[in-house]
């Protein structure tokens, strides 16, 4: 019986800009994405029949065809005429509906895993093309690291990433944010301030973490914060406890802060986790998906 274990890592955004909207409803973006070492563990085992069975420690994710993992398996089976069933167990550690691409990351891991399990010998580029059919974040989740993402998020330029000496404090308040609604709100308002991605890329290249942290910007943040002021409170807590800068990731509600000093990050974690149990101190990571056997 063939099986494979996978690490499926989360991402944060160091910037998000929205440049417009396509006819098909997808938004044109320019953003910097960074893989972090917060991950779900996925185990995939082949079955004797043709069923796709998904189980998880989380009751917050669908375990049927509504899960991107199921869709990824289905797409791979149909594309490459593979007639095998699978048992998939997802141990969720990445907060759900958090602006950290947890679902996309799981789907990315499945594509990478099945490529290996079924000896398809597809290149990373080919896997990214397949992943794009399922979601705009999936190509980045396959390649991982740090990238400037353009288009709908699928045009990726690999750039220098955060130093592993930087500690990243991640905090997800217990609320659900609809990405669709946030983007709909952004359509109806004028964007007055935008991130300077050129400057941010320069900061990353020259390891100027403080300057980077002070210039990170997410145009979606204002929309989500207006609806959920708790996001601003978390940001303020981080800033007041020695974060170099703090920002909302994706469409929210997760907030992250960058710290020069790990002890400071851990100290702030102990303050925040009294109220928000999904609080983590992590570092950046170069791989989106890792195959563990």
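Residue count for the range 1-28 satisfying the condition of being modelled with pLDDT of 95 or more and closer than 20 Å to residue 253 by Cβ: 10.
Here are some conditions: (1) more than 15 Å from residue 168 (Cα to Cα); (2) more than 20 Å from the chain's Cα centre (by Cα). Residue 241 meets all but one. Which one does it not meet? Here residue 241 clears every test but (1). Among the residues here, residue 46 qualifies as under 22 Å from residue 127 (Cβ atoms), modelled with pLDDT of 95 or more and touching a helix residue (DSSP H, G or I) at 6+ places or on another chain (Cβ under 8 Å).
Residues considered: 215, 207, 292. Of these, the only one that is surrounded by fewer than 19 Cβ atoms within 10 Å (Cβ to Cβ) and closer than 16 Å to residue 37 by Cβ is 292.
Screening residue 252 on (1) buried (at least 18 other Cβ atoms within 10 Å of the Cβ); (2) modelled with pLDDT of 95 or more; (3) assigned to a loop (DSSP other than H, G, I, E, B) shows it passes everything except condition (2). The one condition from (1) touching a strand residue (DSSP E or B) at 6+ places or on another chain (Cβ under 6 Å); (2) free of Cβ contacts under 8 Å to residues at least 60 places away in the same chain; (3) closer than 30 Å to residue 221 by Cβ; (4) part of a loop (DSSP other than H, G, I, E, B) that residue 50 does not meet is (3).
With a requirement of 2 or more residues that are crowded, with 19+ Cβ neighbours inside 10 Å, the strands (runs of 3 or more DSSP E) lying completely within the range 56-173 that satisfy it span 85-91, 146-150, 167-172. Just wondering, is there one or more residues in the range 174-182 that are at pLDDT below 95, over 21 Å from residue 94 (Cβ atoms) and either surrounded by 20 or more Cβ atoms within 10 Å (Cβ to Cβ) or not assigned by TED's automatic domain parsing to the domain that holds residue 30 (or both)? Yes, that holds for at least one residue. Take the conditions (1) under 19 Å from the mean Cα position of the chain (by Cα); (2) surrounded by fewer than 22 Cβ atoms within 10 Å (Cβ to Cβ); residue 14 misses just one of them, which is (2). If you go through the range 174-212 and keep only what is assigned to a helix (DSSP H, G or I), in contact (Cβ under 8 Å) with a residue 40 or more places away in the chain and closer than 19 Å to residue 257 by Cβ, you end up with 200, 204, 209, 210, 212. The number of residues in the range 113-142 being closer than 30 Å to residue 206 by Cβ, touching a helix residue (DSSP H, G or I) at 6+ places or on another chain (Cβ under 6 Å) and either at pLDDT below 95 or assigned by TED's automatic domain parsing to the domain that holds residue 196 (or both) comes to 1.
The values are calculated or read from the model by the stated rules, or taken from the named source; none is laboratory data. Here the structure is a predicted model, which means the values were calculated and not measured. Positions of Cβ are backbone-derived with ideal geometry, glycine not excepted, and every protein chain shown enters the neighbour counts.
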